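Working notes, beginning with the structure itself.
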Amino acid sequence: MIEASRLKKVYGSTSEAVRAVDGVSFDVAPGELFVIMGLSGSGKSTLLRMLNRLVEPSGGELRIDGRDVLKMGDADLRALRNRKINMIFQHFALFPHRTVRENAAYGMRVRGVAEAERLERADWALETVGLGDRGDAYPDQLSGGQRQRVGLARALATDAEILLMDEPFSALDPLIRRDMQDLLLNLQRELQRTIIFVTHDLNEAMRLGDRIMVMRDGQVVQLGTATDILHKPSSDYVREFVSDVDRSRVLTASSIMREPLMTAGITDDPRDVLRRLSDIEAGGVFVLDGGRIAGVAHDESLAQAVGEGRTSLRECLTDGYEQTGPDTLLVDLCRLVGRHVVPLAVTDDDGKLRGVVPRATLLTALSDARTTDPDNSRKAAAHV
Ligand SMILES: Nc1ncnc2c1ncn2[C@@H]1O[C@H](COP(=O)(O)OP(=O)(O)OP(=O)(O)O)[C@@H](O)[C@H]1O
Ligand SMILES: [Mg+2]
């Protein structure tokens, strides 16, 4: 959706030039939530504003949906800003004398949408951000968090494919901020817009970002997933940031799961399954039917079936297991592991087994949360 190549912005005259953005390249896929993270002055806002040319780049290339943005004339540029892209700021202005509904509908007015449709879409957007009953209120009757949600509703109500968000939650209290992050993640799961989100908070970046681009002094110091950045910080600079992150609330089941040591197929012979199970000294095994978990077979019931000469695994199955989705946070896995003979199963939307999280794996990952020394964590993993 977005292809930026060696983008550059130099402010000021040649004698006192500030290289605010200094040769930055990245691609953003459709539907991706891409986070730009960095300290104050690192060039985040400048970079974001170059994407719709609110700031004119000094150099580089920029394509949006395949079109060369830097070569666009006024009319194309206006269409890009009014239809394709919407921008949400940290402190954005609501019109004080207009209702919340009119404020939410404002973005579409610029786009020339008819009034009835505008208000209908505004109501839908307000409903979506949890303000369905506040449409007739005025902005000064809302809290800061609610006002920020009106901003979000305004952006959603337009059908802009790309949302640029410049520290939209920074002015909010931590708890409300967390609610807004959850709201954004839920909305994004449903609506699949392409979002570029700027923040200076790595915890926020890690919670939200499919990928995170860390900037320093106008340059990219690392670009990767939260897991990449936690496990392989590219420099001491990034490592320093990472040491403040609560990994149990960032890492997910999919980032620590591993292949099960063995699985059985529903048509396997109990005798073979029992033999393989004793080879790995395990007490139970997931039995799969077309990749989905049919149940768990324990060694005793297998032994009994073999003793009685039965050949169907199906009669040996129990539901003695727990399963979770790949996106579950480590902090939420704790109550699921260690309750059964088999490890926690990680299944996808189709119910297919993607991996397992043994208790030891979870404990290692959580204890790693307290050390940032990669050698240490490797030793801990080897020990388990
Ligand atoms: N209009 C401008 N004229 C001159 N210099 C500018 C201008 N806008 C930004 N700068 C400079 O460019 C650099 C990057 O600024 P920018 O606002 O992009 O950073 P930022 O990462 O968004 O910071 P913050 O987290 O504080 O919002 C800074 O050194 C800043 O002083
Ligand atoms: Mg900024």
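The values are calculated or read from the model by the stated rules, or taken from the named source; none is laboratory data. Just so it is clear, the structure is predicted and the values come from calculations on it, not from any experiment. Cβ placement follows ideal geometry from the backbone for every residue including glycine, while neighbour counts extend to all protein chains displayed.
Being outside any helix (DSSP H, G or I), over 18 Å from R49 (Cα atoms) and either out of contact with any helix residue (DSSP H, G or I) (no Cβ under 8 Å at 6 or more places or on another chain) or among the polar types (S, T, N, Q) (or both) is the requirement here; does Q222 meet it? Can you show your working first?
Details: outside any helix (DSSP H, G or I): yes; over 18 Å from R49 (Cα atoms): yes; either out of contact with any helix residue (DSSP H, G or I) (no Cβ under 8 Å at 6 or more places or on another chain) or among the polar types (S, T, N, Q) (or both): yes.
Spelling it out, Q222 is indeed outside any helix (DSSP H, G or I), over 18 Å from R49 (Cα atoms) and either out of contact with any helix residue (DSSP H, G or I) (no Cβ under 8 Å at 6 or more places or on another chain) or among the polar types (S, T, N, Q) (or both).
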Next on the checklist: If I ask for residues that are of a type in the set (D, E, K, R), part of a loop (DSSP other than H, G, I, E, B) and in contact (Cβ under 8 Å) with a residue 60 or more places away in the chain, which ones from the stretch 341-357 would you list?
Outcome noted: none
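Select from the stretch 225-255 the residues that are part of a helix (DSSP H, G or I) and among the polar types (S, T, N, Q) and write down the one among them that is farthest from the chain's Cα centre (by Cα). Spell out how you get there, then give the answer.
Quick first cut of the stretch 225-255, residues part of a helix (DSSP H, G or I) only: 226-231, 236-242, 247-249, 253-255.
Adding the requirement that they be among the polar types (S, T, N, Q) leaves 227, 248, 254-255.
Details: T227: 11, S248: 15, S254: 13, S255: 13 Å.
Residue satisfying both the conditions and the ranking: S248.
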Item to check | Whichever residue in the stretch 39-69 is more than 26 Å from Q90 (Cα to Cα) and exposed (fewer than 15 other Cβ atoms within 10 Å of the Cβ) and, among such residues, is farthest from ligand 1 (Cβ to nearest atom) | outcome: G66
Next on the checklist: Looking at the stretch 50-70, can you tell me whether even one residue there is part of a helix (DSSP H, G or I) and either away from ligand 2 (no atom under 16 Å from the Cβ) or not assigned by TED's automatic domain parsing to the domain that holds R189 (or both)?
Outcome noted: yes
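Among the listed residues V306, V331, identify the single one that is outside the structural domain of R211 (by TED's automatic domain parsing), over 15 Å from T347 (Cα atoms) and touching a Ser or Thr at 6+ places or on another chain (Cβ under 7 Å).
Values: V306 fails: touching a Ser or Thr at 6+ places or on another chain (Cβ under 7 Å).
Among V306, V331, only V331 is outside the structural domain of R211 (by TED's automatic domain parsing), over 15 Å from T347 (Cα atoms) and touching a Ser or Thr at 6+ places or on another chain (Cβ under 7 Å).
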Checklist outcome for this item: Restricting attention to the stretch 200-216, the residues that are at pLDDT 95 or above and within 16 Å of ligand 1 (Cβ to nearest atom) number exactly 5
Next on the checklist: So, restricting to helices (runs of 4 or more DSSP H) that lie completely within the stretch 256-340, which ones have at least 2 residues that are exposed (fewer than 14 other Cβ atoms within 10 Å of the Cβ) and of a type in the set (A, V, I, L, M, F, W, C)?
Outcome noted: none
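So that you can scan it fast, the table gives a plain yes or no per residue for (1) outside the structural domain of T361 (by TED's automatic domain parsing); (2) under 26 Å from the mean Cα position of the chain (by Cα); (3) more than 30 Å from H231 (Cα to Cα):
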{"position": "R258", "(1), (2), (3)": "no, yes, no"}
{"position": "L261", "(1), (2), (3)": "no, no, no"}
{"position": "A264", "(1), (2), (3)": "no, no, yes"}
{"position": "D268", "(1), (2), (3)": "no, no, yes"}
{"position": "R271", "(1), (2), (3)": "no, no, yes"}
{"position": "L274", "(1), (2), (3)": "no, no, yes"}
{"position": "D279", "(1), (2), (3)": "no, no, yes"}
{"position": "G284", "(1), (2), (3)": "no, no, yes"}
{"position": "G290", "(1), (2), (3)": "no, no, yes"}
Checklist entry - In the stretch 194-213, how many are among the polar types (S, T, N, Q) and surrounded by 23 or more Cβ atoms within 10 Å (Cβ to Cβ)? => result 2
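Out of the residues in the stretch 138-184 that are acidic (D, E) and either more than 16 Å from ligand 1 (Cβ to nearest atom) or in a helix (DSSP H, G or I) (or both), which is farthest from the chain's Cα centre (by Cα)?
D140
Kindly provide the set of residues from the stretch 22-49 that are more than 14 Å from ligand 2 (Cβ to nearest atom) and either free of Cβ contacts under 8 Å to residues at least 12 places away in the same chain or small (G, A, S) (or both), ordered by number. Show your work before the answer.
From the stretch 22-49, those more than 14 Å from ligand 2 (Cβ to nearest atom) are 22-34; that's our starting set.
Selection gives G23, S25, A29, G31.
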